[in-house]
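Below is one structure, written out as structure tokens; the observations come after it.
The values are calculated or read from the model by the stated rules, or taken from the named source; none is laboratory data. Given the structure is predicted, the values throughout are model-derived calculations rather than measurements. Here the Cβ positions follow ideal geometry from the backbone for every residue, glycine too, while neighbour counts run over all protein chains shown.
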Amino acid sequence: MTTTMDLVRATDGQVRDILAVLAERIGPQRYNAWFKHGVTVQVDDGQVCVAVPNPFVGNWIETHYQELIGQAAESITGRQRPVIVSIDPALSGQLRQGQLDKQAELVEKVTSGRARPRNEPPPGASALRYSLADFVVGQSNRLAYTAAMAMVASEKPAFNPLFIHGTCGVGKTHLLQGICSAARRSGDLGRPMTCRYVTAEQFTNEFLTALRHKEIAEFRRRYRQLDLLAIDDVHFLSAKKATQDEFLHTFNAIESAGRRVVMASDNHPRLVGELNEPLVSRFVAGMVVRIEAPDRATRLEILARRARTMKLSAPRDVLEYIALHIRGSVRELEGTLIKLSALAALNGGAITRELASSALAEHLARTDSAITLGDIEAVVATYFGITPADIHSSRRTRTVSVARMIAMFLARRRTRMSYPEIARFMGKNHSSVVLAVQRMEKCLAAGTELDWATPAGPKSMPAAELLEVICGQLG
């Protein structure tokens, strides 16, 4: 089996040492769950490239371990290097069921506030890695970018709050962090604005920690006196009543003082399940704008900029070929470029159209759909108030089973992936996917009602109606 170290022969020792430092810092349990299988690391002159099997693992590693990976790389190589996380679905076959279950267990512990990864930066201390200046603007995101600029361009923007939504990897986090970066330099208030970028998960964990240690007054002071609050992954608040109530009061305090709130989510506020109506009404009272997947011209510009950053000599026709065939997220574009660069380096040849066509044929075929299995998992998990890790795990609760069946069914209907490919991606076997699709087809034919559990109690809906709602969120 190909391991992380097998992939980059020239830097075997460095990669091995970096991973050893990382394992020491985060502990063997978390290292084995997130890095032992299905994740590869490469080190070149300019960066550390981390390839992951799916968007869920990529988002988790970016949120919790990206900075630690960079620190580990710097301690071994003696220089700072950006850490780039990209998606390579071919790695899905390396995942083990035990690893998937452990991921789900760790996610549940962290998201419920019971644990935090060792040496992880304190919640709310997220580093700002992006700026508005390096955001690639195109037809698919121009309105969102214009709205983001408006939030920092004047003392009193025409709207407040700003709520950005779209599928994974289209630039929502980039815009939120870019707004904060610009706000910290803004002189519109006679001083730099005080702002804070956090994910909804971080906000939740901070709130629970404050309650546990009787420090709620300090928590509220820290948030309610901000000039600008940027909160990412708002869908994480789904079904968390106490946290929603606290966030509502925080939102009201900031807005009533004439200050600003910007948010991002995978879905429109009204499509985030188990979100209370007072929050939804405040979100939609401002500017709600969707970011679509990048169009071809935008994809080409993203690839060109990324190639320059990587100092990669990629001919224009190669970039045009990738931009034509990869129509999903920005991460998919970057992942394809990184993979092509690695293959060219290993073969000792130049990057050509022929190499892109032959060497990346399987990858291009798998990602040649506007909707990916990662998108489907994210939407299904959000709707049912679970995580993609639950779908990948061996859990058989009613809610997880229904969500898993729908995700597998939609993977066959909305992507070009085969049964074995879906099975490898989800860490299941081929027959499990076939049976799930057949069960869903029978439910649709018979008009069966599907039921599942929510924090507010049991819920049920006809299979066809439920599928229509979820497909509406997929777009």
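Scan the range 253-261 and tell me whether some residue there is crowded, with 19+ Cβ neighbours inside 10 Å, over 28 Å from Thr454 (Cβ atoms), outside the structural domain of Trp452 (by TED's automatic domain parsing) and not β-branched (Val, Ile, Thr). Scanning the range 253-261 turns up at least one residue that is crowded, with 19+ Cβ neighbours inside 10 Å, over 28 Å from Thr454 (Cβ atoms), outside the structural domain of Trp452 (by TED's automatic domain parsing) and not β-branched (Val, Ile, Thr). For Lys459, the requirement of being at pLDDT 85 or above, assigned to a strand (DSSP E or B) and not aromatic (Phe, Trp, Tyr) is met. For Val261, indicate whether it is among the β-branched types (Val, Ile, Thr) and part of a helix (DSSP H, G or I). Against the criterion (among the β-branched types (Val, Ile, Thr) and part of a helix (DSSP H, G or I)), Val261 does not qualify.
For the range 347-403, the candidate set comprises residues that are at pLDDT 70 or above, polar (S, T, N, Q) and assigned to a loop (DSSP other than H, G, I, E, B); within that set, the residue that is surrounded by the most Cβ atoms within 10 Å (Cβ to Cβ) is Thr372.
Within the range 420-475, the set of residues being surrounded by 15 or more Cβ atoms within 10 Å (Cβ to Cβ) and among the charged types (D, E, K, R) comprises Glu421, Arg424, Lys428, Arg439, Lys459. Selection of first residues in the range 344-358 that are in the same structural domain as Asp317 (by TED's automatic domain parsing) and of second residues that are modelled with pLDDT of 80 or more and not in a helix (DSSP H, G or I), restricted to Cβ pairs under 6 Å at least 6 apart or on distinct chains, gives the following pairs, ordered by first then second residue: Ala344/Ile351; Ile351/Ala314.
The single residue among Leu435, Leu444, Leu450, Leu466 that is more than 17 Å from Leu100 (Cβ to Cβ), in contact with a strand residue (DSSP E or B) (Cβ under 7 Å, 6 or more places away or on another chain) and in a helix (DSSP H, G or I) turns out to be Leu466. In the range 295-313, is there at least one residue being of a type in the set (A, V, I, L, M, F, W, C), in contact (Cβ under 8 Å) with a residue 60 or more places away in the chain and farther than 19 Å from Cys168 by Cβ? Yes, because at least one residue in the range 295-313 is of a type in the set (A, V, I, L, M, F, W, C), in contact (Cβ under 8 Å) with a residue 60 or more places away in the chain and farther than 19 Å from Cys168 by Cβ.
The residue pairs whose first member lies in the range 58-78 and is free of Cβ contacts under 8 Å to residues at least 40 places away in the same chain, whose second member is surrounded by fewer than 20 Cβ atoms within 10 Å (Cβ to Cβ), and whose beta carbons are closer than 6 Å, counting only pairs six or more residues apart or on different chains, are Glu74/Gln80.
Consider the range 280-300 and keep the residues that are buried (at least 16 other Cβ atoms within 10 Å of the Cβ) and among the charged types (D, E, K, R). The one that is farthest from Ser256 (Cα to Cα) is Arg299. If only residues of the range 37-77 that are modelled with pLDDT of 85 or more and in a loop (DSSP other than H, G, I, E, B) are counted, the one that is surrounded by the fewest Cβ atoms within 10 Å (Cβ to Cβ) is Val39.
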